[in-house]
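The structure appears below as structure tokens.
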Amino acid sequence: MEIFPMESVNFEEMRRSMVDSQLRTSGVTDAWVLVAMGSIPREDFVPLKHRSTAYMDRSIALDDGSVLNPAVSAALLLQAADVRADDHVLLVGKPDGYLAAILRTRVSALTCVIADNVAAAQSAAPYSVIIVDGAAEELPTALVNIAADGSRLVTGIIEGAVTRLAKGFVHKGKIALKSFEDSEIAPLPAFARKPEFVF
């Protein structure tokens, strides 16, 4: 992979290319998602050594041990969530991360918690939309309990060796998810399936 000197990188042009060559060609059509992702500097959310490759369609490891998921995965999740300006949104992801920055262009009622601290979102519940920025083997009951009845939930899911994007609705304390796209999205260790004990 060729790394370019920072002074030769035109990030504005790379953002335009990401929108036109990655997002639009992957079925992303929501205007607000395209505008937000075309204006927010993705390179500001990655370590300095990865800035020149920030717009490649792949995951990027961050210094805190978390992962910035590919732009296409993020855009498809946001589009599937059908986020409206008056929604009360819970993002399970970095409060100062790229996805949070995108959502702040759309909604004012946004709560962000990391995956291993979902309980912290209880105080602002219920939520009309829940977006999980990562792939889960199992969603914690606490997450479903703070969703409004009828709320929309989007997440990555792990099925065998494959990660997929999925969407669903919460109804009477239960959630039904349906996968809609195979896509690279980082697993969330906090949402791993609990081991079953066999006697």
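Bear in mind that the values in this text are calculations on the coordinates, not laboratory data. In this text, all values refer to a predicted model and were calculated from it rather than measured experimentally. Quick reminder, even Gly has a Cβ in these numbers, built from the backbone with ideal geometry, and neighbours come from all protein chains shown.
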Pairs of alpha-carbon atoms within less than 8 angstrom and 6+ residues apart define the contacts here; what relative contact order does the chain have, in percent? 16
Pairing the Cα long axis of helix 71-81 with the longest principal axis of the chain, what angle in degrees results, from 0 to 90 and rounded to the nearest 10? 40
When the Karplus curve 6.51 cos²θ - 1.76 cosθ + 1.60 is applied with θ = phi - 60°, which whole-Hz ³J(HN,Hα) does each residue of the stretch 111-127 get, with x for Gly and Pro? 10, 10, 9, 7, 4, 8, 9, 4, 4, 5, 7, 4, 5, 9, 5, x, 10
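May I ask what percent, to the nearest 5, of DSSP beta bridges between residues of the stretch 6-190 are antiparallel?
Details: 18 of 34 bridges.
Among the beta bridges of the stretch 6-190, antiparallel pairing accounts for roughly 55 percent.
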Using the crude model of +1 on Lys and Arg Cβ and -1 on Asp and Glu Cβ, and no other charge, please compute the dipole size for the chain relative to its Cα centre, in debye to 20. 480
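Given R₀ = 25 Å, FRET efficiency for Met56-Glu159 by Cβ-Cβ distance, to 0.05?
Between Met56 and Glu159 the formula returns 0.50.
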Close Lys-Lys pairs in the stretch 6-190, where close means Cα under 27 Å and separation is 8 or more or interchain: 5
Full-extension gain between Asp82 and Asp96, please, as 0.36 nm times their residue separation minus the C-alpha to C-alpha distance. 2.9 nm
Which ³J(HN,Hα) values in Hz, rounded to whole numbers, follow from the phi angles of the stretch 53-63 under the Karplus curve 6.51 cos²θ - 1.76 cosθ + 1.60, where θ = phi - 60° and Gly and Pro get x? 10, 4, 9, 6, 7, 7, 6, 10, 6, 9, 5
In the chain, with Lys and Arg counted as +1 and Asp and Glu as -1 at Cβ, which of these residues, Met37, Ser66, Ala136, has the Cα nearest the positive end of the dipole, that is, farthest along it? Ala136
Test of understanding: ordering Met14, Met37 by Cβ neighbours within 10 Å, fewest first, what list do you get? Met14, Met37
Could you give the C-alpha radius of gyration of the chain expressed as a fraction of 2.2 N^0.38 Å, taking N as the number of residues it contains? 1.02
Defining a contact as two alpha carbons under 8 Å apart and six or more residues distant in sequence, what relative contact order in percent does the stretch 123-196 show? 32
